[in-house]
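See structure below.
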Amino acid sequence: MDNERPTPLVEDIETTRRKLESWLSLQRGQEVHIPALTIPESSGMSNVTLLFDAHWQEGGQSRSEACVGRLQPQIERPVFPAYDLGLQYEVMASLGRHSDIPVPELRGLELDPSLLGVQFYLMKRTPGRIPPDMPPYNMDGWMVHETSGQQRAAMWRAAVDTMGQIHRLDHRALGFGHLEVAGTTPLQQQLGYWQGYLDWALEGGGHAICQAALDWLQASQPAAEPTVLCWGDSRLGNIIFTESLDGIAAVLDWEMAVLGNPVQDLAWFNYLDATFSEGLGMPRLAGLPGYEETISQWEQASGHSARDYDYYLVFAGMRYALILSRIMLATGQLEQVQGSFACQLLEKTMQRLA
């Protein structure tokens, strides 16, 4: 998959460095030097990540800051048909201004693609530890080898409490009332999006399991749902934990942020953990609280009921299976488009709940 990495910048990293250096100097109103750019190996197919240190003079003293750049991907077959970096930035900026939710400190947004060929934004790098995705945190890496069951439980509970705090926020007070669409519910909007995504992602090929899930979701919509700002990609791998692992330094990756029933974040959080344990025939990490305990904790932290949890487990499974199917198609793994572990887990979930 290395040759499929969604970045137009690897071949000319030096030109990109110079352009970012000039752009950041203009933003700060003083000369900024960026000695080097690096692209982490874990940079995924949804956004491109750049790491660099910015240096400048201030008050006769040399200053520096570790920074992260997030860039819109530009490849022939992207994971999503469109990327709204402006909304991602707006969500983090609003949470930083109006709430106690820990988010990265922002350093600028550029929606004009003429500079780098894509939109991008910059953030101050937040120190801490992020549970790995590749390989998943329950299979290998520092959570497996360097943490105790007590530490893992503390991390999990901190994540659930923070998720609940997000769901207590008033989306209109945060400035996201404009995302509401008259005459339709947030869930109807999302189901319409994912039906369109299926048609786009499979390039006309269809998807039997995901289409069956979408049909069931359309026919079984809960009534009288609450509407809040949902994180969208709520999972351990999108959190920077403090080095001591007793708190959360920043909540990351708001590219799937949407208005809706907050239970969808809870279901996604649990379901994504299950995909890389049950879905792969692996045990969960010792110490992680159970899913029922997580539901109870979230209800207390958020003030919302989880009565629609089973519905949103199917919703989570459909979304993840579709996204993974798109990645399989885009990377030429055609036998896995409808036969991956994510599709098998969705089918199992459907048989149990639908």
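The values are calculated or read from the model by the stated rules, or taken from the named source; none is laboratory data. Note that the coordinates shown come from a computational prediction; the quantities given were computed from them, not determined experimentally. Heads up, the Cβs are rebuilt from the backbone with ideal geometry, glycines too, and the neighbour counts pull from every protein chain shown.
In region 86-106, which residue that is without any contact (Cβ under 8 Å) to a residue 40 or more places away in the chain and in a helix (DSSP H, G or I) is nearest to residue 196 (Cα to Cα)? The qualifying residue nearest to residue 196 (Cα to Cα) is 86. Residues in region 163-178: is at least one in the same structural domain as residue 287 (by TED's automatic domain parsing), aliphatic (A, V, I, L, M), under 23 Å from residue 287 (Cβ atoms) and touching a helix residue (DSSP H, G or I) at 6+ places or on another chain (Cβ under 7 Å)? Yes - at least one qualifying residue is present in region 163-178. With respect to residue 119, determine if the residue is within 21 Å of residue 269 (Cβ to Cβ) and of a type outside the set (Phe, Trp, Tyr). No; evaluated as a whole, the condition is false for this residue.
Yes/no matrix, rows are residues, columns are (1) assigned to a helix (DSSP H, G or I); (2) touching a helix residue (DSSP H, G or I) at 6+ places or on another chain (Cβ under 9 Å):
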| position | (1), (2) |
| --- | --- |
| 304 | no, yes |
| 312 | yes, yes |
| 316 | yes, yes |
| 320 | yes, yes |
| 325 | yes, yes |
| 335 | yes, yes |
| 342 | yes, yes |
| 351 | yes, no |
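Just so you know, in region 107-120 the residues that are without any contact (Cβ under 8 Å) to a residue 60 or more places away in the chain and part of a loop (DSSP other than H, G, I, E, B) include one that is surrounded by the most Cβ atoms within 10 Å (Cβ to Cβ), and it is 119. Evaluated against (1) within 22 Å of residue 74 (Cβ to Cβ); (2) at pLDDT 95 or above; (3) in a loop (DSSP other than H, G, I, E, B), residue 123 falls short on exactly one condition, (3).
Criterion applied to 287, 279, 303 was being of a type outside the set (Lys, Arg) and surrounded by 18 or more Cβ atoms within 10 Å (Cβ to Cβ), and the one residue passing it is 279.
Taken together, the residues in region 313-339 that are farther than 25 Å from residue 220 by Cα and either buried (at least 24 other Cβ atoms within 10 Å of the Cβ) or touching a residue at least 60 places away in the same chain (Cβ under 8 Å) (or both) amount to 6. The residues listed here are 116, 109; of these, the one that is closer than 18 Å to residue 49 by Cβ, outside the structural domain of residue 257 (by TED's automatic domain parsing) and modelled with pLDDT under 95 is 116. Any residue in region 131-146 that is closer than 29 Å to residue 64 by Cβ and buried (at least 19 other Cβ atoms within 10 Å of the Cβ)? Yes, region 131-146 has at least one match. Of the listed requirements (1) in contact (Cβ under 8 Å) with a residue 40 or more places away in the chain; (2) part of a loop (DSSP other than H, G, I, E, B); (3) of a type in the set (A, V, I, L, M), residue 256 misses just one: (1). Taking the criterion of being within 20 Å of residue 73 (Cα to Cα) and surrounded by 16 or more Cβ atoms within 10 Å (Cβ to Cβ), the residues of region 22-41 that qualify are 23, 37, 39.
Residue-level analysis places residue 157 among those that are assigned by TED's automatic domain parsing to the domain that holds residue 239, within 19 Å of the chain's Cα centre (by Cα) and surrounded by fewer than 17 Cβ atoms within 10 Å (Cβ to Cβ). Among the residues of region 200-241, count how many are within 19 Å of the chain's Cα centre (by Cα) and either outside the structural domain of residue 275 (by TED's automatic domain parsing) or hydroxyl-bearing (Ser, Thr, Tyr) (or both). Within region 200-241, residues that are within 19 Å of the chain's Cα centre (by Cα) and either outside the structural domain of residue 275 (by TED's automatic domain parsing) or hydroxyl-bearing (Ser, Thr, Tyr) (or both) number 1.
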